[in-house]
Amino acid sequence: MAVYVYDGEWEGLLTALFHALADAEPPADIQPAAAVQPTFFDTVIRIQSDPDTVTRLAAGIRRRISDKAFHNVLYAYLSEEDDSAMAIYRYLKLGFAIGRTVDRHMADDRVLPVLRMVDRVSFETHRLLGLTRFRQTTDGIYYSSISPDGQVIGLMAPHFAERMADMDWIIHDVKRGLAVLGRNGEWQLVSLPYIEAEFDEEELAYQQAWKAYYKQAAIANRKNPKLRRNYMPVRYWKHLIEDPYRA
Amino acid sequence: MELMEKLAILGDAAKYDVSCSSSGSRRKGKPGELGNAAPAGICHSWAADGRCISLLKVLQTNTCVYNCAYCQNRRDNDLPRAAFTPEELADLTMAFYRRNFIEGLFVSSAVDPDPDSTMERMIRTLDLLRNTHRFHGYIHIKIIPGASPELIHRAGLLADRVSVNIELPSAKSLRLLAPQKTSQAILAPMTQITEGIAERHPALPGRRVIPMRRPGEKYVPAGQTTQMIVGASRENDYQILKLSEGLYRRFAMKRVYFSAYIPVVTDSRLPAVAGPPLLREHRLYQGDWLLRFYGFSADEILDPQNPDFDTDLDPKCCWALRHLDQFPVEVNRAPYEMLLRVPGIGIRSARRIVTARKAQRLSEEHLKKLGVVLKRARHFITCAGAYAGISCDNDDLIRRVLTDPRLPSTVNLRMHEQLSLFQSHPALFDPNPLSRVSGEL
């Protein structure tokens, strides 16, 4: 059976999906190059991403299924979950067969996994709108680092661009070497493997103030660490300024 | 005094205030200026007690001329006192907001030396934020009972959300524990805010002329809330729930918050308690959700004969067990409003069911995928005709299954378990629950 291998990019995925959907026989797998482990019986098909094919599939999803379906496919891709490409394949296969009512099939195994990925990506984006912390560098730029499960940095950017229109700011996804740079209400996504930042006394004082405020905000005879972990999983703690380990 | 020291004192003094939300306002950012507001609200952190931190919650001052029995800031309590100048508090809010620590400011205050001068200082803080710093983030301001209608109106034009604490669930308790606050001083500003939001001309004491809204001005866009302390006075849950329902209806409150009484001062008028009544607070919030989102009235949830919440089961389960004649409902047909009344089906899963059943007939397996808590729901529903609960007319039996973790509630084990239940509790035995349901279908 066919294993489609693409470059890990959005355009690559759409090109691979286009070919996989055109094929009568379902693929064994669709994977980014880094993750592929074909078995002896698989035929590996390496996909070169092609702009015309990308446009064609994108337009086809919008026209023959719905704008919402296109949004779902994008979010499922951004989840970067292992089985996301195959889940999207099954979702689109059904979508092209039945059209815009595909999202009603919420309990169907061809639809549910994609909707779950969409939920997780949306939820993580929302969570990080709150959990992202900026530190003002000596250059006057507000810098923050994150390492989210999904590639949500581009989904977070418009919120901060609108909110922090009088600041220069950076959100740095250190897990993926990506960053969003913001200024004057505009933002752009760039590749940024590493950055060095310095902070002055005033900045450190604000960080101290926030740490102390965070610590005192808890009511001692209502301590509930499990509830806190439910709302704020430990994997998000390392980029915070406050220190839940000591508060 | 160092600013950080003030923050320590005035943050600590405000932390018992329950309101945390930053929701209800949609305000776009402006080019070259700071801040916006998201309608759903954004939580920025969670403290060790599991409560979210969304706003910088502080008092303008904790120096108080009042001496309310339950309050740690009462005049006779010996503790460090501090006050923010409006400039200090506005600057601190800006610095925290730029670092994305917070969604905005929650400012309350102790009363020093009188309600009007206290409100004026708070309003000055808001005025600096909005008009000097051009801050468009979220602001919640607490109204000081007894403040003049003009000041309340100005606060409403600067803030997103406004709240007046009702403090205690009855006028009698208020007279006992907070003799300097009267229910009239609490209800008057609530009424003014409600009418202001509804754009009616405020009926003001003394008939003073209040500048109404200019075009484009927003008045309390995120609405008004209130809170009360639970467990410091004698009211039962039914009285408290009825009061909340009244507040929602009469004042169009966005939220009524409850705070489990925590002894922070000793006073002979206060009850001696081991710890805050957290389960009671939790049940009240469950009841509150039933009022606001599930279409229940207070009298359906509790009544004078059963005035307190069940400790073992949530209020929706209790209601369903008292109304087994309305169950089981067929998930493929029942209206949305009825789905909401099924234990184990929340708003999200009810909406999913309504969507998903347009596409296919739903089985129990499907419901599981849609997020229904089958452990509770299965006793109250049929899925395409199939009933998988333990009994559709024996509330004692369902209650036992729901409250005793040793009893499984799955279909496969049902007959076996009924047998053992029958042996230990012959009176509970329901000979054949399935036939009765299938007889209907």
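Of all residues in segment B:115-154, those satisfying the criterion of being assigned to a helix (DSSP H, G or I), of a type outside the set (Val, Ile, Thr) and within 30 Å of B:Asn100 (Cβ to Cβ) are B:Met119, B:Arg121, B:Met122, B:Arg124, B:Leu126, B:Asp127, B:Leu128, B:Leu129, B:Arg130, B:Asn131, B:Arg154. Residue-level check: of (1) within 14 Å of chain B (Cβ to nearest Cβ); (2) surrounded by fewer than 17 Cβ atoms within 10 Å (Cβ to Cβ); (3) under 30 Å from B:Lys358 (Cα atoms); (4) of a type in the set (Gly, Ala, Ser), A:Gly140 misses just (3). When you scan segment B:72-82, do you find a residue that is at pLDDT below 95, in a loop (DSSP other than H, G, I, E, B), within 14 Å of chain A (Cβ to nearest Cβ) and in contact with a His (Cβ under 9 Å, 6 or more places away or on another chain), even just one? No, there is no match, as no residue in segment B:72-82 is at pLDDT below 95, in a loop (DSSP other than H, G, I, E, B), within 14 Å of chain A (Cβ to nearest Cβ) and in contact with a His (Cβ under 9 Å, 6 or more places away or on another chain). No other residue among A:Asp200, A:Asp173 is of a type in the set (D, E, K, R) and either over 17 Å from the mean Cα position of the chain (by Cα) or in the same structural domain as A:Ala76 (by TED's automatic domain parsing) (or both) apart from A:Asp200.
Among the residues of segment B:160-185, those identified as crowded, with 21+ Cβ neighbours inside 10 Å and part of a loop (DSSP other than H, G, I, E, B) are B:Asp160, B:Val164, B:Asn165, B:Ile166, B:Leu168, B:Pro169, B:Ala178, B:Lys181. Pairing each residue of segment A:226-247 that is at positive phi and at the interface with another protein chain (Cβ under 10 Å from one of its Cβ atoms) with any residue that is basic (Lys, Arg) and surrounded by 14 or more Cβ atoms within 10 Å (Cβ to Cβ), provided the two are 6+ apart or on different chains, yields no C-beta distance under 6 Å.
Looking only at segment B:94-112, how many residues end up being away from chain A (no Cβ under 12 Å) and modelled with pLDDT of 95 or more?
Within segment B:94-112, residues that are away from chain A (no Cβ under 12 Å) and modelled with pLDDT of 95 or more number 6.
Are any of the residues in segment A:191-201 more than 18 Å from B:Arg51 (Cβ to Cβ), at the interface with chain B (Cβ under 10 Å from one of its Cβ atoms) and either out of contact with any Asp or Glu (no Cβ under 9 Å at 6 or more places or on another chain) or of a type in the set (Phe, Trp, Tyr) (or both)? No: zero hits.
Number of residues in segment B:139-164 that are within 15 Å of B:Pro115 (Cβ to Cβ) and without any contact (Cβ under 8 Å) to a residue 40 or more places away in the chain: the value is 7. Considering each residue of segment A:174-186 in turn, at least one proves to be within 7 Å of chain B (Cβ to nearest Cβ), surrounded by 16 or more Cβ atoms within 10 Å (Cβ to Cβ) and closer than 26 Å to B:His133 by Cβ. Tell me, yes or no, whether segment A:151-168 has at least one residue that is surrounded by fewer than 16 Cβ atoms within 10 Å (Cβ to Cβ) and within 14 Å of chain B (Cβ to nearest Cβ). For segment A:151-168, residues surrounded by fewer than 16 Cβ atoms within 10 Å (Cβ to Cβ) and within 14 Å of chain B (Cβ to nearest Cβ): present. Is it true that some residue in segment B:10-26 is within 25 Å of A:His159 (Cβ to Cβ), outside any loop (DSSP other than H, G, I, E, B) and either facing chain A (nearest Cβ under 10 Å) or at pLDDT below 95 (or both)? The answer is no, given that none of the residues of segment B:10-26 is within 25 Å of A:His159 (Cβ to Cβ), outside any loop (DSSP other than H, G, I, E, B) and either facing chain A (nearest Cβ under 10 Å) or at pLDDT below 95 (or both). Kindly check whether there is at least one residue in segment A:50-67 that is part of a helix (DSSP H, G or I), surrounded by fewer than 19 Cβ atoms within 10 Å (Cβ to Cβ), among the acidic types (Asp, Glu) and away from chain B (no Cβ under 14 Å). Scanning segment A:50-67, I find at least one residue that is part of a helix (DSSP H, G or I), surrounded by fewer than 19 Cβ atoms within 10 Å (Cβ to Cβ), among the acidic types (Asp, Glu) and away from chain B (no Cβ under 14 Å), so the answer is yes.
Scanning segment B:48-71 for residues that are facing chain A (nearest Cβ under 8 Å), surrounded by 23 or more Cβ atoms within 10 Å (Cβ to Cβ) and in a loop (DSSP other than H, G, I, E, B) gives a single hit, B:Ser54. Within the set A:Leu78, A:Leu94, A:Leu115, A:Leu74, the sole residue that is modelled with pLDDT of 95 or more, away from chain B (no Cβ under 14 Å) and over 30 Å from B:Gly137 (Cα atoms) turns out to be A:Leu74.
Within segment A:203-222, is even one residue charged (D, E, K, R) and part of a loop (DSSP other than H, G, I, E, B)? No, segment A:203-222 contains no residue that is charged (D, E, K, R) and part of a loop (DSSP other than H, G, I, E, B). Once segment A:1-22 is narrowed to residues that are in contact with a helix residue (DSSP H, G or I) (Cβ under 7 Å, 6 or more places away or on another chain) and in a strand (DSSP E or B), the residue that is surrounded by the fewest Cβ atoms within 10 Å (Cβ to Cβ) is A:Val5.
Among the numbered conditions (1) of a type in the set (A, V, I, L, M); (2) surrounded by 21 or more Cβ atoms within 10 Å (Cβ to Cβ); (3) outside any loop (DSSP other than H, G, I, E, B); (4) out of contact with any Leu (no Cβ under 9 Å at 6 or more places or on another chain), the only one that B:Ala222 does not meet is (3). Just checking, does segment A:28-42 include any residue being out of contact with any His (no Cβ under 8 Å at 6 or more places or on another chain), farther than 30 Å from B:Arg361 by Cα, among the charged types (D, E, K, R) and part of a strand (DSSP E or B)? Checked segment A:28-42: at least one residue is out of contact with any His (no Cβ under 8 Å at 6 or more places or on another chain), farther than 30 Å from B:Arg361 by Cα, among the charged types (D, E, K, R) and part of a strand (DSSP E or B). Residues in segment A:146-171 that are touching a residue at least 12 places away in the same chain (Cβ under 8 Å), in a loop (DSSP other than H, G, I, E, B) and more than 13 Å from A:Arg133 (Cα to Cα): A:Pro148, A:Asp149, A:Gly150, A:Gln151, A:Val152, A:Ala165, A:Met167, A:Asp168. For the criterion of being touching a residue at least 40 places away in the same chain (Cβ under 8 Å) and out of contact with any Phe, Trp or Tyr (no Cβ under 9 Å at 6 or more places or on another chain), A:Met86 passes.
Considered as a group, the residues in segment A:106-131 that are outside any helix (DSSP H, G or I) and in contact with a helix residue (DSSP H, G or I) (Cβ under 7 Å, 6 or more places away or on another chain) include one that is surrounded by the fewest Cβ atoms within 10 Å (Cβ to Cβ), and that residue is A:Arg110.
The values are calculated or read from the model by the stated rules, or taken from the named source; none is laboratory data. On a predicted model such as this, the values are computed, not experimentally measured, just so you know. Every residue, glycine among them, receives a Cβ derived from its backbone with ideal geometry; neighbour counts consider all protein chains shown.
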